Amino acid sequence: MTTLTLNSLQKTYANGTHAVRGIDLEIFDGELTVFVGPSGCGKSTLLRMIAGLEEITSGDLMLDGSRINDVEPAHRDVAMVFQNYALYPHMTVRRNMSYALQNRKVPKAEIDRRVVEAARILQLDELLERKPAQLSGGQRQRVAMGRAIVREPKLFLFDEPLSNLDAQLRAQMRVDIRKLQRQLRVTSIFVTHDQIEAMTVGDRLAVLNNGELEQIGTPMEVYSKPASEFVASFIGSPRINIVSGEVKAGTLHVDGFELPGFSQISDQPVKVGIRPEDFVLESTAKMSLQIDLVEELGSDELLYCVSPTGLDYRIRRPGGSGHKVGENITVSVISEKLHLFSSQSGKRLN
Amino acid sequence: MKVLWVRYQLLNHLLLILGVAFLALPLWMVFASSTHDPATIIRDGMQLGLSDQFFETYLGVLTEKKGFTEQVTASMMMINSMILGVGFAVGKIIVSMTAAYAIVYFRFPLGTLLFWIIFTTLLLPLEVRIIPSYKVVADLGMLNSYSGLIIPLIASATGTFYFRQFFRSVPDELLEAAKLDGAGAWKFFIDILLPLSRTMMAALFIIMFVVGWNQYLWPLLMTTDESYSTIVLGIKSVMQTIDGNRLPEYNRGFALAILALIPPVLIVILFQRWFIKGLLESDK
Ligand SMILES: Nc1ncnc2c1ncn2[C@@H]1O[C@H](COP(=O)(O)OP(=O)(O)O)[C@@H](O)[C@H]1O
Ligand SMILES: [Mg+2]
């Protein structure tokens, strides 16, 4: 059983950068939690604080109920996979993997057993006597994973482990990491700035922005009920449409249209989020748009449209529908599918 | 086109051959002269051709006891020089590597200042501080000893600087990975930095060995006992042996010069191959 609890964790760097601004989070046993957010939002800092590589300015870090703020990295029982893998260049794959165990005085036979086992899982059997320079990017990545696996740690930490791979390999490794984590059931934290990677890999996503936690939830929760305008526009590709509107007496006024049914929201200016796939094309609908550009993606197509008031909308439709540039379409949206955010705080209202 | 190219090649080679001749000829003359007897050299000057005294001269300098005190052979002097050269180079590498390790990997007060102080000592060559250095070593009773010959010379600003630059180029993640792998400061140094520095160490060893081997002033001051005399000093003392009406033994001087040349040349050739191999395989 491993549970990691973060209690209002903060980090201020020596130069005054307030990189992590009070994060409360619980990581459950056997889960893979993804820290996702734009570059510079403090993901790596947070991960490195958990690993013990960065001092914690304030707050508590609890591993299985005991506070580990001041425990040495080596004694935290966490293993980390670095973005550039950080393999020891002069050591063979075998030594790279066994080094940590040797330092922990694990008996030789046990080291061999674990290395062989990890090599089998990661298909590194043939490569054990090679040096990192003689490996491809994907192979190095697997060695870095192997180095973490043999330790049999309580916690796996991955800092953008796939960002140095080409797109195809990245997609493959994503699946492999997911399967491996399911198989080993090691509690893991995976950092990425790529929202697609985050959605596909994680049991839960922690969306970070500017050193703060915006939302934590399963990929579907985060996608279908984003807690803030930031989360809505960060998660999902193609991006969500965000337009300004206003709620007056329970009716939403947006881009010249009126939608009733928002009586639970007090009168205020709002931001309205509409996912591109949530538009319904109907001849009887009220909203008339002109198609500006059609992007064919094969299975899907993306229509870039303009409303009479000059606002842009992205609409996603099944592929091969034969829409032409310049064509007028009429669309509607089910009001349950709309995401309403406060204009001031950006927080979700509905 | 083709003719032009051939001419171009010819010209290049001619230039190269000239350059080699320019560098090698004096060396050859020294070697050739060392195989003649002293009378010929004094009468006819440096020789271009070989004579028949090679074995006599070289065996003589290597085995006969010579010098002012008639106590040392060239082989003993070679051994002394070897001890000085290796001790000097190894000492410098150890000291500068550990100093650089401290400067790069440990935050301590005034670390940067200390580094720059070390660095500015580059501006003070041995000759400038030779009297105080001598005084210190003499007071410590280290005159006429190998440790006295070597230890005062092994602090190296150059070496510290090179190692500092090298350590700074090693990715931080390597240190962090080692931390997570349970390697402390000492283990990180021994298991990771040291093997990664092999190329640097070979390069410094070449340079420092040659510098140490060629030391003249310091051994001259430090050693009054000729059994600590180095080969570079020996050349001088052979030339100075004018006891009674004997001629200066130029042939032996030249032979010593040739002998003094061999180990540094061998070191360069040997370590250069290793050095280049290291460069090709290097992967930080
Ligand atoms: N060692 C450091 N010293 C000062 N500021 C830092 C340091 N490392 C990161 N930062 C700053 O902290 C913020 C968060 O960085 P980081 O955690 O690396 O972001 P991410 O991994 O999400 O891209 C950034 O503004 C970055 O410039
Ligand atoms: Mg990062």
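The values are calculated or read from the model by the stated rules, or taken from the named source; none is laboratory data. From a predicted model like this one, the values you see are computed outputs, not experimental measurements. Note that each Cβ is placed from the backbone with ideal geometry, even for glycine, and that neighbours are counted across all protein chains shown. With ligands, DNA and RNA removed, areas are computed over all heavy atoms of the protein, side chains included. Shrake-Rupley method; radii C 1.70, N 1.55, O 1.52, S 1.80 Å.
If you filter the stretch A:1-53 down to residues that are within 14 Å of another protein chain (Cβ to nearest Cβ) and not hydroxyl-bearing (Ser, Thr, Tyr), you find that the one that is farthest from ligand 1 (Cβ to nearest atom) is A:Gly52. Total residues in the stretch A:122-165 satisfying the condition of being within 10 Å of chain B (Cβ to nearest Cβ) and of a type in the set (A, V, I, L, M): the figure is 4. For the stretch A:50-62, the criterion of a residue being out of contact with any helix residue (DSSP H, G or I) (no Cβ under 6 Å at 6 or more places or on another chain), within 16 Å of ligand 2 (Cβ to nearest atom) and more than 23 Å from B:Lys179 (Cα to Cα) is satisfied by no position. Condition (residue is within 27 Å of A:Ala206 (Cβ to Cβ) and open to solvent by 30 Å² or more (accessible area, probe 1.4 Å)) applied to the stretch A:78-85: is it met by at least one residue? Taking every residue of the stretch A:78-85 in turn, at least one turns out to be within 27 Å of A:Ala206 (Cβ to Cβ) and open to solvent by 30 Å² or more (accessible area, probe 1.4 Å). Taken over the stretch A:54-73, the residue count meeting the criterion of being open to solvent by less than 20 Å² (accessible area, probe 1.4 Å) and within 14 Å of chain B (Cβ to nearest Cβ) is 2. Selection of the stretch A:240-273 for residues being charged (D, E, K, R) and on the phi < 0 side of the Ramachandran plot yields A:Glu246, A:Lys248, A:Glu258, A:Asp267, A:Lys271.
Scanning the stretch B:85-108 for residues that are open to solvent by 70 Å² or more (accessible area, probe 1.4 Å) and at pLDDT 85 or above gives B:Ile94, B:Phe106. Looking across the stretch A:169-212 at every residue that is of a type in the set (Gly, Ala, Ser) and in contact with a helix residue (DSSP H, G or I) (Cβ under 7 Å, 6 or more places away or on another chain), the one that is nearest to A:Arg48 (Cα to Cα) is identified as A:Ser188. In the condition set (1) of a type in the set (Gly, Ala, Ser); (2) in a loop (DSSP other than H, G, I, E, B); (3) without any contact (Cβ under 8 Å) to a residue 60 or more places away in the chain, A:Ser163 is compliant with all but (3). Counting only helices (runs of 4 or more DSSP H) that fall entirely inside the stretch B:171-231 and contain at least 3 residues that are within 13 Å of chain A (Cβ to nearest Cβ) and at pLDDT 90 or above, the qualifying elements are B:172-180. Whenever a residue of the stretch A:35-49 is in contact (Cβ under 8 Å) with a residue 24 or more places away in the chain and aliphatic (A, V, I, L, M), its partners that are open to solvent by 40 Å² or more (accessible area, probe 1.4 Å) and within 7 Å of ligand 1 (Cβ to nearest atom), lying with C-beta atoms within less than 9 angstrom and at least six residues away or across chains, give the pairs A:Val36/A:His193. Residue count for the stretch A:179-212 under the criterion of being within 14 Å of ligand 1 (Cβ to nearest atom) and open to solvent by 50 Å² or more (accessible area, probe 1.4 Å): the result is 3. Taken over the stretch A:215-233, the criterion of being open to solvent by 40 Å² or more (accessible area, probe 1.4 Å) and over 17 Å from A:Asn350 (Cβ atoms) is satisfied by A:Ile216, A:Thr218, A:Met220. The residue list B:Leu48, B:Leu59 contains one member that is of a type outside the set (Phe, Trp, Tyr), more than 13 Å from B:Ala255 (Cα to Cα) and either open to solvent by 90 Å² or more (accessible area, probe 1.4 Å) or in the same structural domain as B:Glu249 (by TED's automatic domain parsing) (or both), which is B:Leu48. Those residues that are crowded, with 23+ Cβ neighbours inside 10 Å and at the interface with another protein chain (Cβ under 8 Å from one of its Cβ atoms), I need them from the stretch A:88-105; list them, please. Within the stretch A:88-105, A:Tyr99, A:Ala100 qualify.
The condition (being among the charged types (D, E, K, R) and over 30 Å from the mean Cα position of the chain (by Cα)) is satisfied by just one residue among A:Asp255, A:Asp278: A:Asp255.
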